[in-house]
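The values are calculated or read from the model by the stated rules, or taken from the named source; none is laboratory data. Not measured: the values here are computed from a predicted model. Neighbour counts are summed over all protein chains in view; Cβ atoms, including those assigned to glycine, are modelled from backbone coordinates with ideal geometry. All accessible areas refer to the heavy atoms of the entire protein, side chains included, with ligands and DNA or RNA removed. Shrake-Rupley method; radii C 1.70, N 1.55, O 1.52, S 1.80 Å.
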Amino acid sequence: MSYAQRVIEGLKQKYASEPVFLQAVEEVLMTLQPLLDKDAKYEKNKILERITEPERIISFRVEWVDDKGEIQVNRGYRVQYNSAIGPYKGGLRFHPSVNLGILKFLGFEQIFKNSLTGLAIGGGKGGSDFDPKGKSENEVMRFCQAFMTELHRHIGATIDVPAGDIGVGGREVGYMFGQFKRLTRSYEGVLTGKNLLFGGSLARTEATGYGAVYFAQNMLEDRGENLEGKVCAVSGAGNVATYCCEKLLQLGARPVTVSDSRGMIYDPEGIKVDVLKQVKEVERASLTRYAELVPTAKHTPVAEYPEGRNAVWSVPCFAAFPCATQNELNLADAKTLLANGCKCVAEGANMPSTLDAVHAFLEAGIAYGPAKAANAGGVATSQLEMQQNAGMQSWTFETVDGKLKDIMGNIYKNAAATAKEFGQPDNLVLGANIAGFRKVADAMIAQGVC
């Protein structure tokens, strides 16, 4: 049994109740074996055992009062996973599904994603099982303030810099930043994704979606292809999906789908981003509202999806952009996409494809951009926000977007070059994992054991 397999088996026994975390670990570790075979120092220094365990897990009770005057209790977390190359960096997720296993998966992925950006940021993740949906503005504010009342003890501009994720946008970040400032009397860049009025960065909102498209561009250019005039399928309807659609339209592509928890929109003429923003960012409504506003659009409710399937991936397309959530695209979906002629998949969400789906894409030889590479634009731009905060500066949209485009190009080149180095030039999963891992692992070895 190989070194990687031994570590995976040990983790399966130890964390059997955390299947999504185990999936993320297996996806990474099984691609590292060529590097582990080449250099014995990683096994000698027990790097796999060390890198799969978080440096610190913080769990706390969040008490807040709803509009009826009743006390509500939620669970909050911060997983500070690895700080070998910089302060912990990663989002906060507010969603009923949040538990420690999901946050460990996200934090583990974040280590290598952040490493790939080439910037000085370590990996972390956090959040709560609080659901912002259906809550009033005051309830969201009170929860965010209560959450930060505990979290502020564990974060700082050079210690741990959280950002947004599912359920945490500019509104939530603003409430948390305000509470941090009250509690610490300190005005510092301790959160990213802030409002432009108090240290936010232009292009941060767009960054993850734009970045996924930039990554797809790089993959396709190497194959003599491009996105102009191509039909694209996009899942999700949050920031990532919205700005993925926006950038696709700017490049002359035609995104025809978006989705939320209630169903999918199919608009054959192309998604109207201005309408999508109105529905999701202003009205905070279901996509059924989009169908009411756009005559060409059809809404397919979740109840009509085939069991275990996502209707988005049944739409014939040249390129697919999973931008919703983890494991949203399974093997059956992958086979449908491939049968319908899909030539490119760039992941905007965190681990949106199951392991079987990933293997299907790799075997088919299509341009496949795994999440830790393709969706790194968000955290990269968060670090650019940190740079602006540290210098008390504000850069133009064009400056930030230009840096983002360069970073995504460099991530692709690094992953592609590493894949080629290990004899699998079309396997960007292997390339991204080894490139991201090697930098962090070497830093850990250089810093010794304490």
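Any idea what the relative contact order of the range 185-289 is, in percent, if you count C-alpha pairs under 8 Å spaced at least 6 apart? Averaging sequence separation for qualifying contacts and normalising by length gives 20 percent for the range 185-289.
Placing one equal scatterer on every Cα of the range 55-184 and applying the Debye formula, the log10 ratio I(q)/I(0) at q = 0.10, 0.17 Å⁻¹ is -0.29, -0.82. With Cα atoms as the point set, the radius of gyration and Dmax of the range 1-53 evaluate to 10.8, 33 Å. In the structure displayed, which of 104/372; 38/104; 277/372; 14/104; 38/439 lie more than 20 Å apart, Cα to Cα? Beyond 20 Å: 38/104; 277/372.
On average, how much accessible surface per residue is there in the chain, in Å², for a 1.4 Å probe, leaving out ligands, DNA and RNA?
Averaged over the residues of the chain, the accessible area is 40 Å².
Stretching the chain fully between residue 68 and residue 442 yields a gain of 129.3 nm (0.36 nm per residue, less the alpha carbon separation).
Mean sequence separation of contacting Cα pairs (under 8 Å, at least six apart), scaled by the length of the range 55-184, corresponds to a relative contact order of 29 percent. What translational diffusion coefficient, to the nearest whole µm²/s, does the chain have by Stokes-Einstein, given a Kirkwood radius computed over alpha-carbon pairs, a temperature of 37 °C and 0.692 mPa s viscosity? Rounded, D is 149 µm²/s.
Compared with the alpha-carbon gap, the fully stretched path from residue 420 to residue 399 is longer by 4.4 nm at 0.36 nm per residue. Here the label points at residue 228 and residue 13, each 7 Å from Cα along the C-beta direction, are separated by 5.9 nm in the simple model.
The portion of the accessible surface of the range 206-373 made up by carbon and sulfur, rounded to a whole percent, is 48 (1.4 Å probe; DNA, RNA and ligands excluded).
Distance from the C-alpha centroid of the range 64-117 to that of the range 133-176: 11 Å, rounded to the whole angstrom. Of the residues 9, 27, 304, the one with the largest accessible area comes first in the ranking 304, 9, 27, computed with a 1.4 Å probe on protein heavy atoms.
Given C-alpha coordinates of the range 206-373, what is the ratio Rg to Rh with the Kirkwood estimate of Rh?
0.93
Annotation for residue 364 and residue 53: the two label points, set 7 Å from Cα along the Cα-Cβ direction, are 4.1 nm apart.
Cross-link reach is defined here as a Cα-Cα straight distance under 12 Å, omitting same-chain residues fewer than 8 places apart; for residue 194 the aspartates and glutamates meeting it are 172, 385.
Kirkwood radius and radius of gyration were both taken over the C-alpha atoms of the range 3-99, and their ratio Rg/Rh is 1.11.
Pull up the cross-link candidates among the lysines for residue 135, meaning alpha carbon to alpha carbon under 19 Å and not fewer than 8 places away within one chain. Excluding near neighbours in sequence, the set is 68, 280. Label separation (residue 198 vs residue 40): 5.6 nm, computed from points 7 Å beyond Cα along the C-beta direction. For the range 4-131, carbon and sulfur atoms together expose 47% of the accessible surface, with a 1.4 angstrom probe and every protein chain in place. Per residue of the chain, the DSSP helices (runs of n ≥ 4 H) give a summed -39500 (n - 2.57) that works out to -14000 deg cm²/dmol at 222 nm.
Protection proxy ranking, highest mean first, for peptides 342-354, 103-115: 103-115, 342-354, where packing is the per-residue count of other beta-carbon atoms within 10 Å, averaged. Amide hydrogen proximity for residue 168: with H placed 1.01 Å from N in the peptide plane, the residues at 5 or more positions away or on another chain lying under 5 Å are 94.
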